[in-house]
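What follows draws every value from the coordinates through simple rules; no lab data is involved. All values derive from a computational prediction rather than experimental measurement. For neighbour counting, all protein chains shown are included, and Cβ atoms are generated from backbone atoms with ideal geometry for every residue, glycine included.
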Amino acid sequence: MTRTTLRLAAVSAVAVLAVGAGASLAQASEATTSAPAAVSSAPALTAAQARALLADPAVSAGLNARDTTSLRAVADGTATEVQARGAVGGAAKALFNLLKKHGGKVYSGAVKAAKSNWGKFRSYMDGLPWYHPVRIAWVAAGAEAQYQLYTYIRGLV
C-alpha cells in the first residue's frame with residue numbers, strides 16, 4: 001500500500017465516522033422535541049430592513065403608495081400578513097427598478113448571473129462596490145426580497 005492509499009483510507013474512515021455521529025445527533029435532537037415548531041408563512045422582512053429601505057432615497061423613489069404604506073406598517077410593527085407580503089414584493093420591485101435605472105453593465109451583469117443560478121446572482125450583487133446604490137439597497141432589502149428579485153429576473157429571461 002502506498003502512502004496516498006493510506007491517507008485516502010484514513011480520510012474516508014474519518015468522514016464515515018463524522019457522518020454517522022452527525023446522523024445520530026440529528027436523531028437525538030428530533031427525539032427530544034415535544035411539539036413541532038410553529039412555521040410562519042409570512043415573508044421575513046424585519047422592521048429594521050423596512051426602515052432602511054424607506055430611508056434610502058434611491059429605493060423610496062421607486063415605491064408606489066401601496067408599497068410605501070406596507071413598508072411603513074412593517075417598520076412600525078403594525079403590519080398584517082398581507083401588508084408584510086406586500087412590503088417584500090414592493091422592496092423587490094424597487095430593487096428591480098433601481099437596477100434598471102443604473103442599467104448598462106450592472107443590469108446586464110445581474111441578468112446574466114440570474115440566468116446561471118441563485119449563488120452566482122447573489123455573488124454578483126454582493127460583488128458590487130460597497131458604495132453603489134444598488135448594493136446598498138440589496139443589503140438593506142434582506143434575503144426574502146433578494147430572492148424575489150432573483151426569481152423575477154429569472155422569469156424575465
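Points to keep in mind about this one:
- For a straight C-alpha distance cut-off of 20 angstrom, the lysines reachable from residue 93 (same-chain residues fewer than eight places away being disregarded) are 101, 105, 112, 115.
- Fully extended contour minus Cα-Cα distance, from residue 143 to residue 105, at 0.36 nm per residue: 11.3 nm
- Between the listed residues 141, 84, 123, the Cα displaced farthest toward the positive end of the dipole of segment 41-157, a dipole computed from Cβ unit charges relative to the Cα centre, is found at 123.
- Paramagnetic label zone (point 7 Å from Cα along Cα-to-C-beta, residue 44; backbone N under 20 Å) in segment 133-149: 137-149
- Between residue 152 and residue 116, full extension at 0.36 nm per residue minus the direct alpha carbon distance yields a gain of 11.6 nm.
- Cα gyration tensor category, rounded, prolate or oblate, for segment 89-140 with a/c compared to 1.5: rounded
- Net dipole in debye of segment 93-134 [+1 Lys, Arg Cβ; -1 Asp, Glu Cβ; about Cα centre; nearest 20]: 160
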